[in-house]
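Heads up, the thing below is written out as structure tokens.
The values are calculated or read from the model by the stated rules, or taken from the named source; none is laboratory data. None of the values given here were measured: they were computed from a predicted structure. Ideal geometry is used to build each Cβ from the backbone, glycine not excepted, and the neighbour counts take in all protein chains shown. Please note that ligands, DNA and RNA were not included when accessible areas were found on the heavy atoms of the full protein model with its side chains. Shrake-Rupley method; radii C 1.70, N 1.55, O 1.52, S 1.80 Å.
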Amino acid sequence: MPKNRNTFSFLARRGRSAASWLVHRGWEWAREAGAVTAEHPGRLRFGAIGEGTRLAFPQGTVFGEPWIELGGHCIIAEQVTLTAGMMPDLDLGPDPILTLGDGVVLGRGSHVIADTTVTIGSDTYCGPYVYITSTNHSYDDPHEPVGKQWPRMEPVEIGPGCWIGTGAVILPGARLGRNVVVAAGAVVRGEVPDHAVVAGAPARVVRSWDPERGWQPPLRTPAPVPIPKGVTPEQLLALAELEGEAGPDAP
């Protein structure tokens, strides 16, 4: 009896291992086949999708694609929602509603809701679960459920080169300048100048760049050392391997 039990346990482990391998290989295949690119758009017909742009699988809710324009080399992570208009199958006119510049990154689970125009500038990076919307509920009538009152819409504009931290919320009417940093969990409304750092709910400017005095208040961390010109990726990889072999306590 013990011998049979060991045999059954061995077969069960082998079966589980084989099933696990098949599931993981199948999921890898689905992720690759389900990704959306300019060459393989699947069912999504965007107004424009640039070279090198990729929407990871599985995608979140996507509708109003003819009024969504994506620049080149954008990275759209898994479960990202992109919508133009209040609901599918609306005619939104001749102009794009949601526009992403080149090199935009939208982290996993982010939402970009564009009932009116939303523009995200080139090389803006968003962490996971960022929420950007041009629409907000109104509550003017105290006797009517908020969800049944007609919402208010204002355009949103995010300048190039911004960094928007995890869980940040960009509200209708927000206008962010160039190279703005939005702290994780911040709630942004109104106008934010170029080269500013905002944090809090509601967000306020906590650091800004002065051409003569630099960052005010001054940065508390040393500036990163730039990579010397002419260094190749292969040389950087070799250097990283040498540091790893030396260990963290090496002089």
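Overview of values
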{"quantity": "Looking only at segment 150-160, and only at residues there that are in a loop (DSSP other than H, G, I, E, B) and open to solvent by 50 Å² or more (accessible area, probe 1.4 Å), the one that is modelled with the lowest pLDDT", "calculated": "TRP150"}
{"quantity": "Only listed residue being under 15 Å from ILE158 (Cβ atoms) and open to solvent by 30 Å² or more (accessible area, probe 1.4 Å), chosen from VAL105, VAL112", "calculated": "VAL105"}
{"quantity": "Filtered residues of segment 220-240 (kept if part of a loop (DSSP other than H, G, I, E, B) and either under 30 Å from ARG207 (Cβ atoms) or within 28 Å of the chain's Cα centre (by Cα) (or both))", "calculated": "ARG220, THR221, PRO222, ALA223, PRO224, VAL225, PRO226, ILE227, PRO228, LYS229"}
{"quantity": "Matching residues in segment 118-131 - criterion: being surrounded by fewer than 20 Cβ atoms within 10 Å (Cβ to Cβ), of a type in the set (Ser, Thr, Tyr) and in contact (Cβ under 8 Å) with a residue 40 or more places away in the chain", "calculated": "SER122"}
{"quantity": "In segment 67-80, residue most open to solvent (accessible area, probe 1.4 Å) [restricted to those that are out of contact with any Leu (no Cβ under 6 Å at 6 or more places or on another chain) and in a strand (DSSP E or B)]", "calculated": "ILE75"}
{"quantity": "Residue count for segment 161-170, restricted to those that are in a strand (DSSP E or B) and open to solvent by 30 Å² or more (accessible area, probe 1.4 Å)", "calculated": "2"}
{"quantity": "Residues located in segment 92-117, provided they are farther than 11 Å from LEU82 by Cα and not in a loop (DSSP other than H, G, I, E, B)", "calculated": "VAL105"}
{"quantity": "Residue match in segment 177-188 (condition: closer than 19 Å to SER122 by Cα, among the charged types (D, E, K, R) and touching an Asp or Glu at 6+ places or on another chain (Cβ under 7 Å))", "calculated": "yes"}
{"quantity": "Residue in segment 81-92 that is within 18 Å of ILE158 (Cβ to Cβ) and open to solvent by 30 Å² or more (accessible area, probe 1.4 Å) present", "calculated": "no"}
{"quantity": "Hits in segment 140-180 - residues which are in contact with a Ser or Thr (Cβ under 8 Å, 6 or more places away or on another chain) and among the charged types (D, E, K, R)", "calculated": "ARG152, GLU154, GLU157"}
{"quantity": "Segment 151-190, residues that are of a type in the set (D, E, K, R) and in contact with a Leu (Cβ under 8 Å, 6 or more places away or on another chain)", "calculated": "GLU157, ARG189"}
{"quantity": "Condition met for GLY173 (in a loop (DSSP other than H, G, I, E, B), without any contact (Cβ under 8 Å) to a residue 40 or more places away in the chain, within 19 Å of MET86 (Cβ to Cβ) and under 22 Å from the mean Cα position of the chain (by Cα))", "calculated": "yes"}
{"quantity": "Scope segment 20-66; condition open to solvent by 90 Å² or more (accessible area, probe 1.4 Å) and not in a helix (DSSP H, G or I); matching residues", "calculated": "GLU39, HIS40, ARG43, ARG45, GLU51, ARG54"}
{"quantity": "Qualifying residue in segment 182-189 (condition: under 27 Å from GLY101 (Cα atoms), part of a loop (DSSP other than H, G, I, E, B) and in contact (Cβ under 8 Å) with a residue 40 or more places away in the chain)", "calculated": "yes"}
